[in-house]
Amino acid sequence: MKMRVSLLVLPVLAVILFPMAAGAKKLKFTTCGQPLPLQLKPFTHKPQRIDYLCGNTGCSKGAANDMQNAQKNNFCASVNPITPVTLKTFSDLNDAANHEPSIPKGEPPPSRTKLVNILALASGKKLGEGNVVSFVGYVLDARHSNVDKDNPLTAGNGESVQCNLLGCPYNDIHITLAEDQNERKLCRTVVAEIIPHYRPPAWDLFDSPDYTNFFKTHPVKITGQLFFDGSHVPCTADGKAGFNPARDNAKDFERLALWEVHPIYAIDVCKYADKAQCDPANQHAWFPFTELKTWLGLSSVRPTDKCQATTDDPNSKCPGFKLPDK
């Protein structure tokens with residue numbers, strides 16, 4: 001009888017001890033002690049390799065940059081309510097930030113307090129950094145940013161928010177969105193970003209060439225935190241690239257505003273090519289991006305060329321960075 005009990009107990013002990021052993025590696029990235037928001041919720045207990053390597057503030061470059069990095073990695077914004085926004089909303093947010101004297105040009109502000117509730121909407125509600133918004137538009141471009149196309153694991157600098165780690169699994173996916181599918185002026189586009197922390201595997205393929213043609217004709221609905229990227233400058237009032245005074249007046253990349261949907265909490269795809277049928281409030285018009293592979297009848301989805309190379313031990317250009325012992 002004792003032997004029978006022991007045999008029954010051993011599997012139970014194994015179940016208990018295995019997670020403890022598997023969790024022996026210490027996470028550097030922290031969440032809010034609650035389930036991740038919206039479509040990220042199923043991945044609450046599925047950290048990625050980067051979550052063990054890089055914390056919320058990334059590679060330190062000073063207090064203001066650390067605060068900005070932490071905001072880029074914020075999974076804690078309330079999803080009640082979710083405010084629909086348009087290109088005009090981003091333009092109004094841009095104007096509000098430009099008229100705030102405490103917000104410098106081309107570098108993170110020393111305090112982010114003024115970015116909260118910076119815009120009064122027609123409804124009387126306030127909008128600003130930390131609110132959750134949804135934007136409906138067309139994907140003009142999507143790419144893993146800060147990743148060298150020829151030598152993704154050895155060249156380039158990465159980004160401070162991701163501890164300057166090299167390679168696609170350790171960097172944001174930068175999405176350029178427009179309200180018009182035929183938009184040619186990048187100064188009439190906005191930015192949304194999928195961060196690598198707790199990133200669903202399907203989202204890691206958002207920039208796959210297998211999806212490019214579909215995105216040209218079907219709107220997406222991007223939901224996530226409204227964030228102000230103070231490290232850049234927006235387009236000028238006459239629709240031209242701005243020159244960044246904090247970077248020796250180098251020409252910055254073109255976009256309407258420094259306000260982004262970052263990080264993204266949910267990605268939905270419209271079933272229809274006619275944007276008029278893609279009412280953001282009509283749940284039946286949309287399905288989660290994670291179902292797009294099946295929707296298109298694809299047996300597999302290719303990563304973009306530069307993302308075919310992967311490693312569990314990425315290089316970093318962050319001073320003093322060391323990979324933890326395995």
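Can you tell me how many residues within the stretch 280-309 are farther than 27 Å from V85 by Cα and at pLDDT below 95? Number satisfying all stated conditions: 1. Out of the residues in the stretch 49-61 that are outside any helix (DSSP H, G or I) and either open to solvent by 30 Å² or more (accessible area, probe 1.4 Å) or acidic (D, E) (or both), state the one that is nearest to A246 (Cα to Cα). Selected residue: K61. On the stretch given as the stretch 286-300, residues that are surrounded by 13 or more Cβ atoms within 10 Å (Cβ to Cβ) and either touching a Gly at 6+ places or on another chain (Cβ under 9 Å) or charged (D, E, K, R) (or both) total 1.
Within the stretch 269-296, being in contact with a Cys (Cβ under 8 Å, 6 or more places away or on another chain) and assigned to a helix (DSSP H, G or I) holds for Q277, A285.
Count of the stretch 269-326 residues, restricted to those that are under 15 Å from A202 (Cα atoms), touching a Leu at 6+ places or on another chain (Cβ under 8 Å) and of a type in the set (V, I, T), is 2. Of the residues making up the stretch 87-114, just one is part of a loop (DSSP other than H, G, I, E, B), modelled with pLDDT of 95 or more and among the hydroxyl-bearing types (S, T, Y), namely S111. Please determine whether any residue of the stretch 69-88 is touching a Gly at 6+ places or on another chain (Cβ under 7 Å), open to solvent by less than 70 Å² (accessible area, probe 1.4 Å) and among the small types (G, A, S). Yes: one or more hits.
Entry remark, the stretch 72-109: residues being hydroxyl-bearing (S, T, Y) and either touching a Pro at 6+ places or on another chain (Cβ under 6 Å) or within 22 Å of H174 (Cα to Cα) (or both) number 4 in total.
One line per residue, one yes/no per condition, for (1) open to solvent by 70 Å² or more (accessible area, probe 1.4 Å); (2) under 29 Å from V133 (Cβ atoms); (3) not hydrophobic (A, V, I, L, M, F, W, C):
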residue	(1), (2), (3)
Q225	no, yes, yes
S231	no, yes, yes
A241	no, yes, no
D252	no, yes, yes
L256	no, yes, no
V261	no, yes, no
H284	yes, yes, yes
R302	yes, no, yes
P319	yes, no, yes
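What is the number of the single condition among (1) touching a residue at least 40 places away in the same chain (Cβ under 8 Å); (2) touching a Ser or Thr at 6+ places or on another chain (Cβ under 9 Å) that D180 does not meet? It is condition (2) that D180 fails.
Against the condition under 30 Å from T304 (Cβ atoms) and out of contact with any Pro (no Cβ under 6 Å at 6 or more places or on another chain), how does V136 come out, does it pass?
no
Are there any pairs with C-beta distances below 8 angstrom linking a residue in the stretch 234-245 that is over 14 Å from P104 (Cα atoms) and among the acidic types (D, E) to a residue that is open to solvent by less than 20 Å² (accessible area, probe 1.4 Å) and part of a loop (DSSP other than H, G, I, E, B), with the two at least 6 apart or on different chains, and if so which? Nothing qualifies.
Between G167, G130, which is among the small types (G, A, S), closer than 24 Å to N56 by Cβ, at pLDDT 95 or above and surrounded by fewer than 20 Cβ atoms within 10 Å (Cβ to Cβ)? After applying the criteria, what remains is G130.
Out of the residues in the stretch 181-196 meeting the condition of being surrounded by 24 or more Cβ atoms within 10 Å (Cβ to Cβ) and not hydrophobic (A, V, I, L, M, F, W, C), tell me which one is nearest to P169 (Cα to Cα). Ranking the candidates gives P196 first.
Scanning the stretch 297-326 for residues that are outside any loop (DSSP other than H, G, I, E, B) and over 12 Å from I50 (Cβ atoms) yields D305, K306, C307.
Does D274 satisfy the criteria of being more than 18 Å from the chain's Cα centre (by Cα), open to solvent by 80 Å² or more (accessible area, probe 1.4 Å) and either farther than 30 Å from N98 by Cβ or free of Cβ contacts under 8 Å to residues at least 24 places away in the same chain (or both)? For D274, the condition - more than 18 Å from the chain's Cα centre (by Cα), open to solvent by 80 Å² or more (accessible area, probe 1.4 Å) and either farther than 30 Å from N98 by Cβ or free of Cβ contacts under 8 Å to residues at least 24 places away in the same chain (or both) - is not met.
The values are calculated or read from the model by the stated rules, or taken from the named source; none is laboratory data. Model, not experiment: these values are computed from the prediction. With ideal geometry, Cβ positions are generated from the backbone for all residues, glycine too; neighbour counts draw on all protein chains shown. Keep in mind that these areas ignore ligands, DNA and RNA; they rest on the heavy atoms of the full protein, side chains included. Shrake-Rupley method; radii C 1.70, N 1.55, O 1.52, S 1.80 Å.
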